[in-house]
Amino acid sequence: MVTATESPAEFDRRKENEVLSTEEVFARARARETALSRLLMAFITSGLLFMLFPGTLLGVWNLLQISGRESAGLISPAWLQAHGHAQVFGWIGSFLLGIGFYSIPKLRGDVTAAIRRAWLCWILWTIGVALRWSSTVYLWNWRVLLPASGILELAAFLFFFRAVSQHRPESSSKGGMEPWVWVVMAATFGFLAALVGNLAGSISVALHGSSPAFPHRFDQRYLALLGWGFLVPFVWGFSAKWMRVFLGLKPLREKVLLGTVLVNSAGVILVLFGITSTAVWFFTTAAVLSVVAIRIFEPGTQEPKTRGIHSSFPFFVRMAYGWLLVAALLGVAANFWDTSGGIWGASRHALTVGFISVMVLSVGQRILPAFAGMRLLWSPRLMFGGLFVLTIGCTLRVSCEVLAYQGYANWAWQVLPLSALLELGGLTLFAINILGTFVLQPSHAFKEPMVVGVASLGPR
Ligand code: HEM
């Protein structure tokens with residue numbers, strides 16, 4: 001048995017040549033699962049804090065300023081970018097790293113060393129994202145701190161990448177790699193490319209810029225890489241892995257899914273070369289293909305698994321895919337008619353709030369309680385409340401951003417602050433529910449040995 005003064009690694013070494021009793025094997029599994037759950041909770045908690053304060057509160061403040069002045073052009077681009085960075089890397093990036101580490105290293109031999117590296121990754125990542133936000137907003141020593149934050153974030157990612165690349169992915173029934181693994185690998189490459197782009201942009205503005213904001217042309221291409229090259233493929237990968245079970249969908253169309261990733265990657269490359277007018281059609285095609293591949297709107301063959309969460313879960317997951325289509329179509333429209341940044345902004349938020357955030361609120365509340373020590377979600381009703389309020393906020397935001405920024409309807413400027421507060425409310429309810437789950441719900445891990453094996457799926 002692992003003693004109070006003994007780490008799991010010491011235990012591993014002591015027991016290397018001994019035959020373990022069932023009790024000791026169980027104790028070792030428990031120590032590893034507890035360590036992994038703690039790590040996951042650290043990533044999720046820091047992600048939630050980045051999402052709430054540097055991300056959403058600054059986003060709301062920016063939108064209140066824009067609505068007050070009836071123009072987006074008068075707001076500091078550095079503050080807009082600080083908001084975007086905190087949301088994409090601080091929130092979603094922290095969640096992805098935490099879930100990634102939780103899913104991988106327990107399958108491997110020397111888990112303790114892997115967990116130590118994962119904690120180092122968390123420290124580097126959290127300091128990197130925090131430095132980036134504060135140096136961009138407060139301008140304190142930004143010429144040094146901006147590139148330093150990019151280096152810390154990239155270094156953290158490389159710790160993660162090392163853990164992932166040592167892991168042997170699951171094989172499909174036909175012997176090759178599971179299709180979702182290809183998609184997640186493409187997304188991981190997009191994550192790396194986004195961090196390299198961020199570091200290159202940071203070094204460039206530190207040397208030649210007059211403020212920490214990336215220049216507009218660079219920023220637009222970089223944002224397409226963040227959205228379509230990194231965030232969207234991750235959601236496709238996780239949908240391909242989990243949605244069949246969670247929603248009881250028909251089997252994945254594997255070739256169509258791989259086609260989706262190829263068309264989408266071609267779109268990202270076109271944007272990086274500045275050929276946005278063609279790229280938007282590639283993104284739209286990829287969005288439609290993903291719906292066909294995952295069969296998200298087709299009737300399922302089994303009952304959705306909603307025990308322990310709100311029964312509206314399948315509705316919101318499907319609605320997120322509706323937002324993906326809206327985001328892609330708004331990108332096409334922006335290409336023809338945008339004169340103010342409003343249609344591009346609406347497309348971006350249909351993607352980041354409508355697709356990504358609705359998906360994170362839905363799937364996050366489905367899987368995170370189980371990953372964090374086999375807990376049950378604190379409040380399924382709060383889950384519904386958060387998703388409902390976020391959806392109303394996002395609908396008002398996306399529609400009124402087009403109407404107001406483009407000058408089609410002046411009244412829409414009055415609605416935008418309300419949309420921001422609703423989005424803030426929805427995201428805050430999500431954070432409360434997850435933190436409530438971590439703090440107030442008891443852990444049911446290791447009441448029986450079988451739990452280790454089912455932790456990856458959570459309560460049915
Ligand atoms: C309460 C919710 C939110 C509010 C009020 C908000 C507000 C804003 C505003 C005002 C802008 C400036 C551009 C524009 O007018 O469209 C912006 C840009 C952006 N937002 Fe949000 N946002 C919210 C949520 C999110 C979320 C959840 C994400 C990502 C997961 C996100 C990612 C971004 C990105 C990447 C940009 C572009 C920054 C740049 O110009 O480089 N936002 N947001």
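The set of residues from the range 407-433 being buried (at least 18 other Cβ atoms within 10 Å of the Cβ) and either more than 15 Å from the ligand (Cβ to nearest atom) or outside any helix (DSSP H, G or I) (or both) comprises just one member, Asn433.
The condition (being out of contact with any Lys or Arg (no Cβ under 8 Å at 6 or more places or on another chain), open to solvent by 80 Å² or more (accessible area, probe 1.4 Å) and at pLDDT 90 or above) is satisfied by just one residue among Leu152, Leu139: Leu139.
Against the list (1) in a helix (DSSP H, G or I); (2) open to solvent by 40 Å² or more (accessible area, probe 1.4 Å), the condition Gly190 fails is (2). Can you confirm whether Leu120 is modelled with pLDDT of 95 or more and away from the ligand (no atom under 12 Å from the Cβ)? It is true that Leu120 is modelled with pLDDT of 95 or more and away from the ligand (no atom under 12 Å from the Cβ). Would it be correct to say that Leu49 is open to solvent by less than 30 Å² (accessible area, probe 1.4 Å), at pLDDT 95 or above and more than 12 Å from the ligand (Cβ to nearest atom)? Criteria not met by Leu49. Looking across the range 315-337, the residues that are open to solvent by less than 40 Å² (accessible area, probe 1.4 Å) and closer than 20 Å to Thr276 by Cα come down to Leu324, Ala327, Ala328, Leu330, Gly331, Val332, Ala333, Ala334. Being assigned to a loop (DSSP other than H, G, I, E, B), open to solvent by less than 20 Å² (accessible area, probe 1.4 Å) and at pLDDT 95 or above is a condition met by at least one residue of the range 287-303. Regarding Val144, is this residue in contact with a helix residue (DSSP H, G or I) (Cβ under 7 Å, 6 or more places away or on another chain) and either modelled with pLDDT of 95 or more or closer than 27 Å to Asn264 by Cα (or both)? Here the answer is no, as Val144 does not meet what is asked.
If you filter the range 209-240 down to residues that are away from the ligand (no atom under 12 Å from the Cβ) and of a type in the set (S, T, N, Q), you find that the one that is most open to solvent (accessible area, probe 1.4 Å) is Ser210.
Pro380 meets the stated requirement of being surrounded by fewer than 24 Cβ atoms within 10 Å (Cβ to Cβ) and more than 16 Å from the ligand (Cβ to nearest atom).
For the range 243-281, the set of residues classified as open to solvent by 20 Å² or more (accessible area, probe 1.4 Å), in a helix (DSSP H, G or I) and not β-branched (Val, Ile, Thr) consists of Arg244, Glu254, Lys255, Leu258, Gly259, Leu262, Ser265, Ala266, Leu270, Leu272, Ser277, Trp281, listed by residue number.
Could you tell me whether Arg108 is modelled with pLDDT of 95 or more, open to solvent by 40 Å² or more (accessible area, probe 1.4 Å) and among the charged types (D, E, K, R)? Taking the combined requirement at face value, the residue does not satisfy it.
Conditions (1) within 19 Å of Phe438 (Cα to Cα); (2) open to solvent by less than 50 Å² (accessible area, probe 1.4 Å); (3) more than 10 Å from the ligand (Cβ to nearest atom); (4) in contact with a His (Cβ under 8 Å, 6 or more places away or on another chain), marked per residue:
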site	(1), (2), (3), (4)
Arg28	no, no, yes, no
Leu64	no, no, no, no
Ala72	no, yes, no, no
Arg116	no, no, yes, no
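Cβ separations smaller than 9 Å between residues 6+ apart or across chains give no pair from the range 213-231 residues that are closer than 15 Å to Ala86 by Cβ and without any contact (Cβ under 8 Å) to a residue 24 or more places away in the chain to residues that are more than 7 Å from the ligand (Cβ to nearest atom) and among the basic types (Lys, Arg).
The values are calculated or read from the model by the stated rules, or taken from the named source; none is laboratory data. Just so we're clear, the structure is a prediction, and the values are computed from it rather than from any experiment. Positions of Cβ are backbone-derived with ideal geometry, glycine not excepted, and every protein chain shown enters the neighbour counts. Heads up: the accessible areas ignore ligands, DNA and RNA and are worked out on the full protein's heavy atoms, side chains in. Shrake-Rupley method; radii C 1.70, N 1.55, O 1.52, S 1.80 Å.
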